[in-house]
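The values are calculated or read from the model by the stated rules, or taken from the named source; none is laboratory data. Nothing here was measured: the structure is a model prediction, and the numbers come from that model. Quick reminder, even Gly has a Cβ in these numbers, built from the backbone with ideal geometry, and neighbours come from all protein chains shown.
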Amino acid sequence: MIRAAQPADVADILSLVRDLASYEREPDAVAMTAGDLSTALFGDPPAAHCLVAVPAPAAAAVGCALWHPTFSTWTGRTGMYLIDLFVRPEHRRAGHGRALLTELAALCVRNGCQRLEWAVLDWNTPAHAFYRSVGAVPTSEWTTWRLDAGAIDALVSAAPSPDVP
C-alpha cells in the first residue's frame, strides 16, 4: 500500500533516511531531526512531500519517496525532483519501489508535471538497473553541482559591500 505520509510517520521516515545514508556510505551525514522533517513535510507551506510504502494499514513504513516540486523554463511547466527513494533491504523485490515510483508518476500526470528527475550515485548499479527497468534513462550531458552551507557562507562573506563602488 502506498499513501501520503502522515505526521505519525515522521519517525519511520527519518529512520529510512538514516538507513539510506548508511547504504550510501555516509552513516553520519544525516543532521535532520524529527522536528526538521515534520516542519519540512507538514509546515505551511511544506518544503517537501513524501509517500510511504506500508505492507499493511497499521504497519510501519518499509519504504519512502521524498520529493519536491521543480520548474522548467524550457517546458514552462512544473516537474518533480525525487530526493530519496528507499526501501529497506528485507522488503525489496516485493514491488514497493516500483509502486512508489508509479504513484509519483501518477502524481506527475495529475499535476501536469513534465519531468520526474533524481540523482543516483555512480556506483549504485542495482539502482541503475531498477530505474532502467521502469524506463528511466540517465542524463549524461549534465553534472550536478553543489554549494554546501560553508561554501554559501564563504561566497556571501566574500561579496563586496554594497557601499563599495
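A few remarks follow.
- Filtering region 39-66 to residues that are at pLDDT below 95 and within 17 Å of Arg98 (Cβ to Cβ) leaves only Pro55.
- The residues in region 127-165 that are surrounded by 10 or more Cβ atoms within 10 Å (Cβ to Cβ) and of a type outside the set (Ser, Thr, Tyr) can be counted, and the count is 13.
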